[in-house]
Amino acid sequence: MNGRVAVLKDYGGDFELREYPVPEAEPGALVIKLTRAGVCGSDLHIWRGEMKDVYGAPPRDLTFGHEMAGRVHRLGAGVTTDSRGRPLAEGDRVTFLYFFPCGRCRVCLHDEMANCPRKARANRVAGTAPYFNNAYGDYYYLRPGHFVFRIPDDISDDMATPANCALSQVLYGLTKAGLRQGDSVVIQGAGGLGLYAAAVARDLGADRVIVVDRIPGRLELARAFGADHTLNIDELATPDTRVAAVKDLTEGFGADVVADLVGYPDVIPEGLRMLRVGGIYLEIGNIAPGNVFSYDATALVRGGTRMIAMANYSPWALGESLAFLARTRHRFPFDKLVSHVFPLERITDAFQQAEWSRRGGDPLRVSRAAISM
Ligand SMILES: [Zn+2]
Ligand SMILES: [Zn+2]
């Protein structure tokens, strides 16, 4: 039996579908029949060619994608439960980490699996056995040493697909930033990460959630996802006015936590100025190489500023993300996070749609693409 894998031939251009044999599951592994995949900001960076230092120019048999959900197709010997210890059977709906902390190094031992320097990542050269190493294909081979979670029945595939990336990342990040009941938080950027961050902050008990963006449709959605206040950078046209607005909304002190979920380094100095003395800046947005910012080191010292940055999350965060979705599914409009679902054979259209949306799209209507298998 064969399955399809999408392979990128030209940066910014078309994918082609190739077929490979579906492998058997070795002991400790799973073969997943994928049902959905997402187009994440980092996937767009790869598609545009902004990671060509890593993947070559032109791209050579490049296959990628990391946000996904599916059903257990084959259970390898010895796998009887998910990572929470719940029974797991063929046909069950699952989500899983797309990276693999080693569990055998100093960093993992310090309870920081997110930062494991030896974590295994996906092979991105199409045709490398076991062939199904990424999200844009019919199957996914979940190697031994994985973390997998059953998806609760009342969470749809569309809701579950971003859980293993955007949602887990912000849930982990805000928790690591120490966000707690009564805090005020500023979220820079109302894309997928920012909307989840607003909702997670609300669920964690934040007293004041302030979201900054320039697209009215996104800011409106941010309010539906729990923002108390939204700041439109076209209306508050300078960093000084935006910093002043945050101070006004926080009794003159500034926010306890500010999170960059934009991905442009220019927002960092402004975000640092929005913090209260001793506040924490959470950096998640910048993932493409070469994003440099400058800031007055003395202001950091006088401000008692703390900064943390992270590119992944610890496995517990995915379990908690599913619990968060189940708990808040009637409170926040998660169904509005996907507007277009394209079949795998139209994956190029999904990327063009995502790119159009990323560049502003229709400013009044938020559109997002997903891929169905
Ligand atoms: Zn992602
Ligand atoms: Zn490790």
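What follows is calculated from the coordinates using simple rules that are stated; it is not laboratory data. Owing to the predicted nature of the structure, the values given are computational and were not obtained by experimental measurement. Virtual Cβ from ideal backbone geometry, glycine too; neighbours counted across all protein chains shown.
Just to be sure I follow the definition: excluding the sites themselves, where is the longest run in the chain that has none of the chymotrypsin sites (Phe, Trp or Tyr not before Pro) in a DSSP loop with at most 16 other Cβ atoms within 10 Å? So the longest stretch without any such site is 1-252.
Summing Lys and Arg as +1 and Asp and Glu as -1 over all other residues whose Cβ lies under 14 Å from the Cβ of ILE308 gives a net charge of -2. Which longest uninterrupted range of the chain lacks any GluC sites (Glu not before Pro) assigned by DSSP to a loop state (not H, G, I, E or B) and surrounded by at most 14 other Cβ atoms within 10 Å? Result, exposed sites excluded: 91-234.
With a cut-off of 8 Å between alpha carbons and a minimum separation of six or more residues, what is the relative contact order of the chain in percent? With pairs under 8 Å counted, the relative contact order is 18 percent.
Counting only aspartates and glutamates at least 8 places from LYS52 when in the same chain, those with an alpha carbon closer than 17 Å to its own are ASP10, ASP14, ASP43, ASP61.
With a cut-off of 14 Å between beta carbons, the residues surrounding CYS108 carry a summed charge of +2, where Lys and Arg count +1 and Asp and Glu -1.
In terms of its Cα atoms, segment 167-309 spans 38, 31, 30 Å along the principal axes, sorted from long to short. For the pair segment 247-268 / segment 7-55, the C-alpha centres are spaced 34 Å from each other. With the convex hull drawn around the C-alpha atoms of segment 32-136, the volume per residue stands at 132 Å³. A Gaussian network model of the chain, with springs between Cα atoms under 10 Å, assigns the largest mean-square fluctuation among ASN286, ASN133, ASN164 to ASN286. Phi angles of segment 326-334 translate, via the Karplus equation with coefficients 6.51, -1.76, 1.60 and θ = phi - 60°, into HN-Hα couplings of 5, 6, 10, 5, 8, 8, 10, x, 4 Hz per residue; Gly and Pro are given as x. Straight-distance candidates among the aspartates and glutamates for linking to LYS176, with alpha-carbon spacing under 17 Å and chain neighbours fewer than 8 residues away dropped: ASP111, GLU112, ASP203, ASP256, ASP260, GLU283, GLU320. Other residues with beta-carbon under 11 Å from the beta-carbon of ALA29 carry, at +1 per Lys or Arg and -1 per Asp or Glu, a net charge of 0. Here the chain was treated as a single set of alpha-carbon atoms; its pair distances binned every 20 Å from 0 give 29, 58, 13, 0 percent. Computed from point charges on the beta carbon alone (+1 for Lys and Arg, -1 for Asp and Glu), the dipole magnitude for the chain about its Cα centre is near 660 Debye.
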